[in-house]
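One structure below.
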Ligand code: FES
């Protein structure tokens, strides 16, 4: 469950996390992964804290975070939509699929909707090229898409998330 990053309490749990990894050389990535598990992303405040405590320059930490696609600097949506832009999907009309997703949600690739429901990402290949164009929503793959079809799918996810 994602927490807020404020107050001494959070700093204390971050300190404990750093102590746990103290004797491990090169523990930066596991440290970042644990922070992300806890907050849902990597808040700037937490990165500044890690930099000061561990003595790794902040710029270097940002370099690591931006290098690894599994580490996120901003909160992600409850639903992750991955639009494939690999060769087969590109030929099959990935751009039109992408436009349809952005029309439906009001955000483009690399962004999260204001209500925090959806994050849209651009990916290279989902491994189902013969069924292009494809999109993955959370862990479900949707294939042979048309702009109309993907809009319907996105609407369905929006409805199933009423909680
Ligand atoms: S190119 Fe899209 S699934 Fe392979």
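The values are calculated or read from the model by the stated rules, or taken from the named source; none is laboratory data. Keep in mind the model is a prediction, meaning the values are calculated, not measured. Positions of Cβ are backbone-derived with ideal geometry, glycine not excepted, and every protein chain shown enters the neighbour counts.
Here are some notes:
- Members of the range 127-138 found to be near the ligand (Cβ under 7 Å from one of its atoms) and in a helix (DSSP H, G or I), listed by number: 129
- The residues of the range 139-163 that are touching a helix residue (DSSP H, G or I) at 6+ places or on another chain (Cβ under 6 Å) and part of a loop (DSSP other than H, G, I, E, B), listed by number, are 143, 144, 145.
- Boolean, residue 114 is outside the structural domain of residue 40 (by TED's automatic domain parsing), away from the ligand (no atom under 16 Å from the Cβ) and touching a residue at least 40 places away in the same chain (Cβ under 8 Å): no
- Of the residues making up the range 103-126, those that are assigned to a helix (DSSP H, G or I) and buried (at least 16 other Cβ atoms within 10 Å of the Cβ) are 104, 105.
- In summary, helices (runs of 4 or more DSSP H) completely within the range 2-101 and bearing 1 or more residues that are assigned by TED's automatic domain parsing to the domain that holds residue 117, within 16 Å of the ligand (Cβ to nearest atom) and over 20 Å from the mean Cα position of the chain (by Cα) occur at 87-91.
- Exactly one residue out of 77, 108 is in contact with a strand residue (DSSP E or B) (Cβ under 9 Å, 6 or more places away or on another chain) and either in contact (Cβ under 8 Å) with a residue 60 or more places away in the chain or over 30 Å from residue 34 (Cβ atoms) (or both), and it is 108.
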